[in-house]
1. Output the helices (runs of 4 or more DSSP H) that fall wholly within segment 91-192 and possess 3 or more residues being free of Cβ contacts under 8 Å to residues at least 40 places away in the same chain, or say none.
2. Which of (1) within 16 Å of ligand 1 (Cβ to nearest atom); (2) over 17 Å from the mean Cα position of the chain (by Cα) does Lys102 not meet, given it meets every other one?
3. Would you mention how many residues in segment 282-310 are more than 10 Å from ligand 1 (Cβ to nearest atom), within 23 Å of Leu189 (Cβ to Cβ) and either surrounded by 14 or more Cβ atoms within 10 Å (Cβ to Cβ) or under 25 Å from the mean Cα position of the chain (by Cα) (or both)?
4. Would you confirm whether or not segment 86-107 contains a residue that is at pLDDT below 95 and surrounded by fewer than 18 Cβ atoms within 10 Å (Cβ to Cβ)?
5. Got a number for residues in segment 238-261 being in a helix (DSSP H, G or I) and either at pLDDT 95 or above or in contact with a helix residue (DSSP H, G or I) (Cβ under 6 Å, 6 or more places away or on another chain) (or both)?
6. Hydrophobic (A, V, I, L, M, F, W, C), in a loop (DSSP other than H, G, I, E, B) and within 24 Å of Lys173 (Cβ to Cβ), is that true of Leu87?
7. Which residues, counting only those in segment 38-85, are of a type in the set (Ser, Thr, Tyr), out of contact with any Ser or Thr (no Cβ under 7 Å at 6 or more places or on another chain) and crowded, with 24+ Cβ neighbours inside 10 Å?
8. Name, by its number, the condition in (1) over 30 Å from Gly298 (Cβ atoms); (2) in contact (Cβ under 8 Å) with a residue 40 or more places away in the chain that does not hold for Tyr54.
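The values are calculated or read from the model by the stated rules, or taken from the named source; none is laboratory data. Predicted model only: the values in this text are computed from it and were never measured. Backbone-built Cβ (ideal geometry, glycine too); neighbour counts: all protein chains shown.
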Amino acid sequence: MVSTTAGKVIKCKAAVAWEAGKPLVIEEVEVAPPQANEVRLKILFTSLCHTDVYFWEAKGQTPLFPRIFGHEAGGIVESVGEGVTDLKPGDHVLPVFTGECKECDHCKSEESNMCDLLRINTDRGVMLNDGKSRFSINGEPIYHFVGTSTFSEYTVVHVGCVAKINPTAPLDKVCVLSCGISTGLGATLNVAKPRKGSSVAIFGLGAVGLAAAEGARLAGASRIIGVDLNSKRFAEAKKFGVTEFVNPKDYDKPVQEVLVEMTDGGVDRSVECTGSINAMISAFECVHDGWGVAVLVGVPNKDDAFRTHPINVLNEKTLKGTFFGNYKPRSDLPSVVEMYMKKELELEKFITHEVPFSEINKAFEYMLKGEGLRCIIRMTA
Ligand code: NAD
Ligand code: ZN
């Protein structure tokens, strides 16, 4: 399949964030052809993740505008740049905010997914090749976001940030595996690794936390305790195997103490999926001494500092953290898609809203109000 647009600039619609916290504006943008080791993708479905909202609100390191956000998506390869051999036009793919070059020490290590070349960089708004953006309006650059910028009908992505998946997988469902759901699932299955029959606390019952709960259920945990400040989350969480709920607001002592009492000494594992520094500290302090492991997933605020008494560490509580659930995007994501295809993993229950691209700002409203989990944005009518 040879595309008729290959090598040409494509004019298409993109949702541009001109300023921090202001509604996105659908604009006509020009998308340059992919350069060496890049691919141009036609995005069919994208969804909104908390990380987009967070950098759009400019709570992150460097506010960079105008910018095209979006990093959870599914699409089809439109054309490939020089040197790209393992992808071709027509392939079904999930772009990923962190990459896998397959050549660096991290990519060669079985333990790491922190690729030297392509690990997440929220400050960079340009492509690695030439330090330039592939998006423009009247010749003025519009910046990229985490190398994906999927709130556009077409985008250019480094080949190392693209996972080729089963072409029969429905992209309107598996697009959520491109970030949040794989992140939560992997944080439990690959990093926390709860044993069968153990207790797991999940802090934050958004899509990422509920995917972490799903991982705990798959691992055979017998107690899955959900912790969230938003009580509306609790009813939904039952569908994800959460067995007990704790709202820290209902207690006049720190939530870690509540959990330690509930579990006779602490939970075996905890996974933090909130982005709140207080929740991160509670998630660490609530694990059992001797063997407890806490895994941080939420993206902290710029000036946050993690403060705990070192005796907690001496008492053999372990603190870990992870990006993208320790999955290597190109090598591992296709098999997570297969988990869905084999019905081991349900994705439908994460998808609570769907809007056409023209109403993308509604997806932001749902997330800001804490309503629902994932809102799918349909790029084509
Ligand atoms: P979300 O906003 O849908 O869910 C977060 C939940 O945390 C909400 O229900 C909120 O009420 C709850 N919460 C907030 N503060 C809390 C506190 N102090 N105690 C208990 N609950 C609290 O977000 P999401 O899309 O599920 O993402 C969750 C976090 O994971 C975000 O910080 C996001 O940026 C991060 N994230 C990290 C990675 C990674 O690779 N490490 C990938 C994706 C997302
Ligand atoms: Zn690498």
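1. Numbers: elements: 105-108, 171-174, 180-186.
Counting at least 3 such residues, we get 105-108.
2. Among (1) within 16 Å of ligand 1 (Cβ to nearest atom); (2) over 17 Å from the mean Cα position of the chain (by Cα), Lys102 violates only (1).
3. Number satisfying all stated conditions: 8.
4. Checking segment 86-107: at least one residue is at pLDDT below 95 and surrounded by fewer than 18 Cβ atoms within 10 Å (Cβ to Cβ).
5. Step one: filter segment 238-261 for residues in a helix (DSSP H, G or I), giving 238-240, 248-250, 255-261.
Applying the additional criterion that residues be either at pLDDT 95 or above or in contact with a helix residue (DSSP H, G or I) (Cβ under 6 Å, 6 or more places away or on another chain) (or both) yields 239-240, 248-250, 255-261.
Counting residues in segment 238-261 that are in a helix (DSSP H, G or I) and either at pLDDT 95 or above or in contact with a helix residue (DSSP H, G or I) (Cβ under 6 Å, 6 or more places away or on another chain) (or both) gives 12.
6. On the way: hydrophobic (A, V, I, L, M, F, W, C): yes; in a loop (DSSP other than H, G, I, E, B): yes; within 24 Å of Lys173 (Cβ to Cβ): yes.
Here the answer is yes, as Leu87 does meet what is asked.
7. Pass one, segment 38-85, residues of a type in the set (Ser, Thr, Tyr): 46-47, 51, 54, 62, 79, 85.
Restricting the remaining residues to those that are out of contact with any Ser or Thr (no Cβ under 7 Å at 6 or more places or on another chain) gives 47, 51, 54, 62, 85.
Across segment 38-85, the qualifying residues are Ser47, Thr51.
8. Just one mismatch for Tyr54, condition (1).
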